[in-house]
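This report concerns only the one structure given below.
The values are calculated or read from the model by the stated rules, or taken from the named source; none is laboratory data. For clarity, every value in this text was computed on a predicted model and none was experimentally measured. Counting neighbours? That spans all protein chains shown, and the Cβs are built from the backbone with ideal geometry, glycine included. Side chains are part of the model used for accessible areas, which takes the heavy atoms of the whole protein and leaves out ligands, DNA and RNA. Shrake-Rupley method; radii C 1.70, N 1.55, O 1.52, S 1.80 Å.
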Amino acid sequence: MIDFPQATLAQLLWGLGLFAGLIIVAFSVERLRQRKRTRLQRANEWETVESIIRDKELTPEEQKALRALIRKQSPKEPLRAVTVRQHFEQCVEQVMGELLASRDRGQYSQMGALLHDVRVALALDYVPLGQRIQSTRELSPSQIVSLALTSDTMPRWHMGRVESVDEAYLYISLDDLEVPSLKELRAGAGVRARLWREDDARYVFTLECAGLREEPPAFVFLHSTSLDRLQTRRDYRMRHEQTTSIGVISKPLDDQELERLAERPLVTKLRGRITNLSAGGCALVVQQPIPGQVLLRIALELDDQEPFDIFARIVSTLPISGGRSFVRASFVATDDETRDKIARYIIRRQQNLSEAHEPEH
């Protein structure tokens, strides 16, 4: 056994202690730096949030509701709460769930209206075409919905439509409010619901009735976040984000004039953004309202191919936040070569996406 001199052992222990102390100091300094960076980043995010609040001209009540929402539900990521639709929805769900559990229906309704105005002001009320909805809070007025009582062993479906929606309730009017089977539809009753979102999918879910609104007459439902999405689509449609130039053409008097669309003068030109594409049509967000009685000339780019124009008729338009319009368009006067070109592009994109998500062996 080797005996170390006493002085040497003390020096060794002192050196080890010094080394450990330096490591602790370095670790502490780095933690302090990280906390400082985090605080600085969070402060910068809050500055951006406040800038957004000023830019959107929220009322004092809306500002107060939004700040309270962020501080309670997203204190570490304030900016995401006002810029990411899914994150905003999660924050709202938590707040409204807590208010509902408190059974203060007055505060629940008031906060629901305030937060819905905030959602619209932040332009988070628009769900891009092809993307699924996570909650009935994301439904739009005029959406067709079919309802049947959950108590019915043989469901009797009744057609209705969304009259309005806020963060507290979903208001649905039915074609016939006096249907005998709907007499049981009172507060606390459950209903099955199903709907089809254009260019998206079919959804089925259940709702709990919260009562009946007298004027204008509509059934009032609590929101649901458990939506089953069933994909049913004739033409495969996929996301295609592209800024484009849109020419507006007056609608022809007869179908024969469709063959000479390229010769028709433009009434005006607009800027827009394609959000979805299929071989039969597309969806666009246009920066201003657009009438439905016109035809469109859309500049389309597919990867490295030469840009080309394609013509389309408007299927439907929906006003969205910021004075913009969401337009569903169906291609017209399209030859087989152009249609095949688009179809091949979509298939190729889908194959690339599938390969990217294949697990590695």
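One line per residue, one yes/no per condition, for (1) aliphatic (A, V, I, L, M); (2) at pLDDT below 85; (3) assigned to a helix (DSSP H, G or I):
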position	(1), (2), (3)
Gly272	no, no, no
Cys282	no, no, no
Gly292	no, yes, no
Leu295	yes, no, no
Ala343	yes, yes, yes
Ile346	yes, yes, yes
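With Glu93, Glu89 as the choices, which residue is part of a helix (DSSP H, G or I), under 18 Å from Glu138 (Cα atoms), open to solvent by less than 60 Å² (accessible area, probe 1.4 Å) and of a type in the set (Asp, Glu)?
Glu89
Only one residue in Gly112, Gly106, Gly160 is at pLDDT 90 or above and open to solvent by less than 10 Å² (accessible area, probe 1.4 Å). Which one? Within the list Gly112, Gly106, Gly160, the selection yields Gly112.
The set of residues in segment 108-123 being free of Cβ contacts under 8 Å to residues at least 60 places away in the same chain and closer than 13 Å to Val84 by Cα consists of Arg119 alone.
Determine whether Ala121 is open to solvent by 40 Å² or more (accessible area, probe 1.4 Å) and under 15 Å from Leu66 (Cα atoms). No, not satisfied. Scanning segment 19-40 for residues that are of a type in the set (S, T, N, Q) and within 24 Å of Leu79 (Cβ to Cβ) yields Gln34, Thr38.
Screening Met154 on (1) touching a strand residue (DSSP E or B) at 6+ places or on another chain (Cβ under 8 Å); (2) modelled with pLDDT under 90; (3) open to solvent by 40 Å² or more (accessible area, probe 1.4 Å) shows it passes everything except condition (1). Scanning segment 259-317 for residues that are of a type in the set (S, T, N, Q) and over 26 Å from the mean Cα position of the chain (by Cα) returns Thr268, Gln293, Gln305.
All of Leu277, Leu227 fail the test of being closer than 26 Å to Gln131 by Cα, in contact with a helix residue (DSSP H, G or I) (Cβ under 8 Å, 6 or more places away or on another chain), at pLDDT below 90 and surrounded by 17 or more Cβ atoms within 10 Å (Cβ to Cβ), apart from Leu277.
When segment 18-39 is filtered for residues that are open to solvent by 70 Å² or more (accessible area, probe 1.4 Å) and β-branched (Val, Ile, Thr), the ones remaining, listed by number, are Ile23, Ile24, Val25. Residues that are farther than 21 Å from Glu138 by Cα and surrounded by 13 or more Cβ atoms within 10 Å (Cβ to Cβ) were ranked within segment 238-247; the one that is modelled with the lowest pLDDT is His240.
For first residues located in segment 296-307 and within 13 Å of Cys282 (Cα to Cα), partners that are among the basic types (Lys, Arg) and in a strand (DSSP E or B) and lie 6+ apart or on another chain with Cβ distances below 8 Å form the pairs Leu296/Arg313.
Within segment 138-161, can one find any residue that is closer than 30 Å to Thr38 by Cβ and either in a helix (DSSP H, G or I) or not hydrophobic (A, V, I, L, M, F, W, C) (or both)? No: zero hits. Do we have Leu129 as surrounded by 15 or more Cβ atoms within 10 Å (Cβ to Cβ) and modelled with pLDDT of 80 or more here? No; evaluated as a whole, the condition is false for this residue. Just give me the residues in segment 297-334 being in a loop (DSSP other than H, G, I, E, B) and either open to solvent by less than 70 Å² (accessible area, probe 1.4 Å) or among the charged types (D, E, K, R) (or both), in sequence order. If the condition is that a residue be in a loop (DSSP other than H, G, I, E, B) and either open to solvent by less than 70 Å² (accessible area, probe 1.4 Å) or among the charged types (D, E, K, R) (or both), then Glu301, Leu302, Asp303, Asp304, Gln305, Glu306, Ile320, Arg324, Ala333, Thr334 are the ones that fit.
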